[in-house]
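Notes follow once the structure below has been shown.
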Amino acid sequence: MLEIEELKVEVGDKEILKNVNMEIPDGETHILFGPNGSGKTSLMMTLMGFSGYKVTHGKIVFKGEDITYMPIHERARLGMGVLFQRPPTINGLKTRSMVEICGRGKAMDVETLAKQLNFSDFLDRDVNHNFSGGEIKRCELLQLTAQQPDMVLLDEPESGVDLESIALVGDTINALLHRGVKHSKGKPHKEANGTKSALVITHTGHILDYITADRGQVLYSGALCCSRNAREILKWIREYGYEECVRCSM
Amino acid sequence: MFNVENMPDNTCDINLRDYDSEAKDHDYVDELSRIETKDADKFLNVGVDTHENGRAGTFIQKDKSVIHCKSCQDGVDLMGISQALEQYDRIGDYLWKNVSPDTDEFTNRAKEKPSGGYFIRAHAGVKVAHPLQSCLYIAKEGFSQNVHNLVIAEQDSELHIITGCATAPHLMSGMHVGISEFYIKKGAKVTFTMIHDWGEKIAVRPRTVIRVEEGGVLVSNYISLKPVGSLQMFPATYLDGKGAVARFNSVLVASKGCFLDVGSRVVLNAPGTRAEIISRGITTGGTIIARGDLIGKVSGVKAHLECKGLILNDGLMQAIPQLSGYVPGVEMSHEAAVGKIDQREIEYLMARGVDEEEAISTIVRGFLNVDIEGLPPKLKAKLDKIVSETQKDMM
């Protein structure tokens, strides 16, 4: 689904990503761990093609097509979608209209989609205007549910979400990925292979209680330094910190 | 009293001698369906529906002639100011009591060369089910329409007024001077929506003062999306009674050659009073000066001012927010931002599959789309259409 080859990225004059290689096959969910400032969000913004992230070397291939210099909207139309951690407010644009924009003419029932995310009361409010952290996540997921991307980039989907809502967030992500996952007693298990892929940034790892991951990777100072089972990585980080991931990979 | 010291500098020179205060009389029209189509279209652009669907009354003045006037609701007086002067013996308690004729050359002109205006009064306890609509229309080339409007909402009444000002198509020159005095008495509410559709060479000088008593509410919406030569207005609202509230929304577009100096002042004179001024402006080559002035005179008042301006292409967008607190215990804030469209907003929409041009259009449409309380659906649909057309013109 997604291949990243020897990717180097600068923001301003500073190199943020240093020779990143990554492959996410069809139907797989990968987790990206890393401390603050390691370049996780920069990688996601680069994959989506946002301005300010200058690719100086390497390439990004999505569904077999080189998208390294493709405009943002073309990547979205090709099937890439992103859940933003801190999306901007768009004054005067109602959430309902935004969801319809995401659907791009597809027949859908916005009310029903919103109801599933307990978000009906927000449809007639301006997009992200005075939304709490959890409301922003539900708004983002509602848009992605309408958009139905094949590859989902999720930037800290659990941050700012209260304990009651995090299961809802997890369920929605699983539905997006076409994965049937039951989360009981914090131990999810995969019931069926999904048809869509995901790259999930997490700082705390809490989301792993609600979604299943095929692989975990650690980004540290702009370079990937570990790739293995996501829950194992999380355990190591919790016990020994990120420095151990760097030391171990050396 | 509203005096000249309260006015912002008038940076646009107007020679009053260029305008004629005389105009021929126009015939009264009993049935609005008989209004000429070209005029009716202009009226609808400023919210005046000649089918009178969902309206509590209609007042239309063409040049200096009242051509239609009818109130459909008991307890609501609606008439020309000249008629009110004859019929309403207490009118002297209100006219020129808040605006002095000596304020400036425009107020002086309205006093010396009056050409009508409307009188609207809701009797105590009367709440209108539908909006009243009024239109002040200039049809004569070079005419100076100098009106004096008086609005009285008696105790516990409720008024909703949609007032449109417009000029005949292809009018090259004209001036509108509008003195407006509002009295919102104890527990009354007035929602006042004003839509302007002037010509590109028209000079407009409204002079408005509003007094709000205890528990009274004023909601004022002002929309000017079409080109206007020169517009300068700075209504002053005095919240004199405990718990009185004033809310101002304005949406302005200035294309090349337009000059809009638009602001509001609210003086919070009593405990528990609240005020909010929200202004949005887009310049595509013209000048917008967006003023806001909040004055807290006693403790326990709350006020907020928000001014956002977009500069598409070039032009001047100047935000002048001003807060004055005279005692401790006032809670006043402002937020002003001027600039181009935030690139993050454009790219956020693009990440949902929208190309850059459509993303910008969507943001501009949203920016102009201020929610206006109680706007009739038909007018809302019309405004949405005008916003959409304006946005296309800008692009």
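The values are calculated or read from the model by the stated rules, or taken from the named source; none is laboratory data. Note that the structure is a prediction, hence the values are computed from the model and not measured. Positions of Cβ are generated from backbone atoms using ideal geometry, with glycine treated the same way; all protein chains shown enter the neighbour counts.
Data overview
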| quantity | calculated |
| --- | --- |
| Any hit, the stretch B:331-339, residues being surrounded by 18 or more Cβ atoms within 10 Å (Cβ to Cβ), more than 26 Å from the chain's Cα centre (by Cα) and either within 30 Å of A:LEU153 (Cα to Cα) or touching a residue at least 12 places away in the same chain (Cβ under 8 Å) (or both) | no |
| Residue list for the stretch B:46-79, filter: of a type in the set (A, V, I, L, M) and under 17 Å from B:VAL190 (Cα atoms) | B:ALA56, B:VAL76, B:LEU78 |
| Close pairs (8 angstrom Cβ cut-off, 6 or more residues apart or separate chains): more than 12 Å from B:PHE119 (Cα to Cα) in the stretch B:68-89, in a helix (DSSP H, G or I) anywhere | B:HIS68/B:LEU32 |
| Residues of the stretch A:41-92 that turn out to be polar (S, T, N, Q), touching a residue at least 24 places away in the same chain (Cβ under 8 Å), out of contact with any Asp or Glu (no Cβ under 8 Å at 6 or more places or on another chain) and more than 13 Å from chain B (Cβ to nearest Cβ), as a count | 1 |
| Flag if B:PRO206 is buried (at least 22 other Cβ atoms within 10 Å of the Cβ) and either under 23 Å from B:TYR118 (Cβ atoms) or in the same structural domain as B:PRO131 (by TED's automatic domain parsing) (or both) | yes |
| Options B:ARG247, B:ARG265, B:ARG280; residue that is under 13 Å from the mean Cα position of the chain (by Cα), of a type in the set (D, E, K, R), over 25 Å from B:LEU171 (Cβ atoms) and in the same structural domain as B:PRO169 (by TED's automatic domain parsing) | B:ARG247 |
| The stretch B:47-91, subset modelled with pLDDT of 90 or more and among the polar types (S, T, N, Q), residue farthest from B:MET175 (Cα to Cα) | B:GLN87 |
| Sole exception among (1) surrounded by 21 or more Cβ atoms within 10 Å (Cβ to Cβ); (2) over 20 Å from B:GLN232 (Cα atoms); (3) of a type in the set (A, V, I, L, M) for B:LEU312, by number | (1) |
| Which numbered condition A:GLU135 fails, given (1) within 14 Å of chain B (Cβ to nearest Cβ); (2) closer than 20 Å to A:PRO88 by Cα; (3) without any contact (Cβ under 8 Å) to a residue 60 or more places away in the chain | (1) |
| Tally of residues being assigned to a helix (DSSP H, G or I) and among the polar types (S, T, N, Q) across the stretch B:85-104 | 1 |
| Filter result for B:SER250 (buried (at least 21 other Cβ atoms within 10 Å of the Cβ), under 20 Å from B:LEU312 (Cβ atoms) and of a type in the set (Ser, Thr, Tyr)) | yes |
| Test: residue in the stretch A:14-22 that is of a type in the set (Asp, Glu) and in contact with a strand residue (DSSP E or B) (Cβ under 7 Å, 6 or more places away or on another chain) | yes |
| Where B:GLU52 falls short, out of the listed (1) closer than 16 Å to B:ILE35 by Cα; (2) free of Cβ contacts under 8 Å to residues at least 12 places away in the same chain; (3) charged (D, E, K, R) | (2) |
| Matching helices (runs of 4 or more DSSP H) fully within the stretch A:6-123 where at least 2 residues are surrounded by 14 or more Cβ atoms within 10 Å (Cβ to Cβ) and of a type in the set (S, T, N, Q) | A:40-48, A:95-103 |
| Which listed residue, of A:TYR53, A:TYR69, is hydroxyl-bearing (Ser, Thr, Tyr) and over 19 Å from the mean Cα position of the chain (by Cα) | A:TYR69 |
| All positions within the stretch B:168-183 that are touching a residue at least 60 places away in the same chain (Cβ under 8 Å) and surrounded by 24 or more Cβ atoms within 10 Å (Cβ to Cβ) | B:GLY174, B:MET175, B:VAL177, B:ILE179 |
| Evaluation of B:TYR222 against (1) at pLDDT 95 or above; (2) under 21 Å from B:VAL99 (Cα atoms); (3) touching a Ser or Thr at 6+ places or on another chain (Cβ under 7 Å); (4) of a type outside the set (A, V, I, L, M, F, W, C) (one fails), failing number | (1) |
